[in-house]
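Chemist: My questions all concern the structure below.
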Amino acid sequence: MIELDGLTRRYGRTTAVDDLTLTVRPGHVTGFLGPNGAGKSTTLRMVLGLTEPSSGTATVGGFRFRDLPRGLRHVGALLDAGDVHGGRSARAHLAALARSNGIGVGRVDEVLGRVGLDSVADRRIGRFSLGMRQRLGIAAALLGDPPVLLFDEPFNGLDPEGVRWVRKLFRRLAAEGRTVFVSSHLMSEMEHCVDRLVVIGRGRLIAEESLAEFAARAGRPEVAVRTADPASLVTALAAEGATVRSDPDGTLTVTGVTAERIGELALGLRTPLHELTTRTASLEDAFMALTAADVEYTAGEGR
């Protein structure tokens with residue numbers, strides 16, 4: 001479990017992280033979202049003891065990371081896939097980490113196989129693609145079999161197969177009872193792999209809740225309906241207090257009434273339905289709506 005209590009980091013007059021208090025619990029994949037400059041990377045670095053807080057605390061399992069002996073046995077992290085010695089082989093890189101953390105060298109081959117790098121284990125890292133470096137970074141995070149894992153932009157450079165593999169890996173790690181904390185700007189990928197969300201803006205906490213609860217912030221769900229007799233159904237929906245929009249392709253977009261109720265009305269009218277689909281807001285829609293006031297850099301429309 002990761003616990004932040006009043007965590008704050010200032011750089012002169014700039015406050016990068018502002019009185020952040022939250023708990024990241026085990027058994028979930030928790031997404032960490034925020035606009036550029038929101039303080040996500042600074043927060044992760046404070047959790048790992050790489051940046052000293054101006055005030056407040058960041059603990060893992062009740063301890064500061066720097067006070068944990070053999071840190072990789074407690075926390076595994078991928079912050080920057082490029083921050084490795086390009087002249088070393090993947091095997092040598094992981095072996096050095098294993099020795100410094102009291103981890104048996106046999107574990108090196110285990111994690112290389114788990115991330116799909118066993119066939120290039122003796123190749124120099126400088127010849128790796130970004131996707132291969134990401135896999136190596138994940139291997140390093142898994143090396144100590146830790147209960148807590150942090151990942152910053154883990155999807156960068158991965159091909160579709162790699163992205164799917166990472167999604168499944170995160171879910172499996174959470175199912176094993178681990179704490180999995182993932183920061184990324186790729187909303188579509190986060191939507192597919194996280195259970196809960198922590199959202200910050202300008203260093204302050206905006207939301208800490210389930211994915212479904214966060215998505216619901218973007219507005220009421222809509223129901224798409226296609227029917228052989230739209231006029232009769234529209235009249236019935238209006239009587240229920242629903243709002244109906246007729247789209248050019250003939251689809252009715254309905255708010256204010258559930259899909260179940262629409263089905264009941266159509267049945268009463270003996271009107272066949274060709275489509276009845278509930279559309280909920282996407283994670284991206286909810287994120288943009290909630291963080292609009294906290295975006296530090298915005299681009300103008302092209303002319």
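Chemist: In the list Thr57, Thr51, which residue meets the criterion of being hydroxyl-bearing (Ser, Thr, Tyr), more than 21 Å from Pro154 (Cβ to Cβ) and surrounded by fewer than 20 Cβ atoms within 10 Å (Cβ to Cβ)?
Modeler: The match here is Thr57.
Chemist: Here's something else I'd like to know. Could you check the stretch 216-260 and list, in sequence order, the residues that are crowded, with 16+ Cβ neighbours inside 10 Å, free of Cβ contacts under 8 Å to residues at least 24 places away in the same chain and not in a strand (DSSP E or B)?
Modeler: Hits for the stretch 216-260 are Pro230, Val234, Ala242.
Chemist: Also, quick follow-up: Filter the stretch 104-124 down to the residues that are under 29 Å from the mean Cα position of the chain (by Cα) and within 25 Å of Thr179 (Cα to Cα) and list them by number.
Modeler: Those that are under 29 Å from the mean Cα position of the chain (by Cα) and within 25 Å of Thr179 (Cα to Cα): Arg107, Val108, Asp109, Glu110, Val111, Leu112, Gly113, Arg114, Val115, Gly116, Leu117.
Chemist: Restricted to the stretch 84-105, and to residues that are among the basic types (Lys, Arg) and either at pLDDT 95 or above or part of a helix (DSSP H, G or I) (or both), which residue is surrounded by the fewest Cβ atoms within 10 Å (Cβ to Cβ)?
Modeler: Restricting to residues being among the basic types (Lys, Arg) and either at pLDDT 95 or above or part of a helix (DSSP H, G or I) (or both), the top hit is Arg99.
Chemist: Just the residues that are closer than 15 Å to Asp159 by Cα and touching a residue at least 40 places away in the same chain (Cβ under 8 Å), please, taken from the stretch 120-131.
Modeler: Within the stretch 120-131, just Leu130 meets the criteria.
Chemist: OK, next. For Ala77, only one of the following conditions fails: (1) closer than 29 Å to Asp195 by Cα; (2) in contact with a Ser or Thr (Cβ under 9 Å, 6 or more places away or on another chain). What is its number?
Modeler: Going through (1) closer than 29 Å to Asp195 by Cα; (2) in contact with a Ser or Thr (Cβ under 9 Å, 6 or more places away or on another chain) one by one, Ala77 breaks only (2).
Chemist: Of a type in the set (D, E, K, R) and buried (at least 17 other Cβ atoms within 10 Å of the Cβ): which single residue out of Arg114, Arg133, Arg66 fits that description?
Modeler: When all the criteria are applied, what remains is Arg133.
Chemist: Anything in the stretch 65-83 that is under 24 Å from the mean Cα position of the chain (by Cα) and either part of a loop (DSSP other than H, G, I, E, B) or under 25 Å from Arg204 (Cβ atoms) (or both)? List them, or say none.
Modeler: Phe65, His74, Val75, Ala77, Leu79, Asp80, Ala81, Gly82, Asp83
Chemist: Here's a check for you: in the stretch 136-161, which residue that is free of Cβ contacts under 8 Å to residues at least 40 places away in the same chain and in contact with a helix residue (DSSP H, G or I) (Cβ under 7 Å, 6 or more places away or on another chain) is surrounded by the fewest Cβ atoms within 10 Å (Cβ to Cβ)?
Modeler: Out of the qualifying residues, it is Asp159.
Chemist: What about Val108, is it in the same structural domain as His28 (by TED's automatic domain parsing), surrounded by 15 or more Cβ atoms within 10 Å (Cβ to Cβ), of a type in the set (A, V, I, L, M) and more than 25 Å from Thr30 (Cβ to Cβ)?
Modeler: The answer is yes for Val108.
Chemist: Also: Considering only residues of the stretch 3-34 that are in contact with a strand residue (DSSP E or B) (Cβ under 6 Å, 6 or more places away or on another chain) and in a loop (DSSP other than H, G, I, E, B), which is nearest to Phe63 (Cα to Cα)?
Modeler: Pro26
Chemist: When the stretch 169-181 is examined, which residues are found to be under 13 Å from the mean Cα position of the chain (by Cα) and surrounded by fewer than 19 Cβ atoms within 10 Å (Cβ to Cβ)?
Modeler: Correct list: Arg171 only.
The values are calculated or read from the model by the stated rules, or taken from the named source; none is laboratory data. The model shown is predicted, which means the values in this text are computed figures rather than measured ones. Virtual Cβ from ideal backbone geometry, glycine too; neighbours counted across all protein chains shown.
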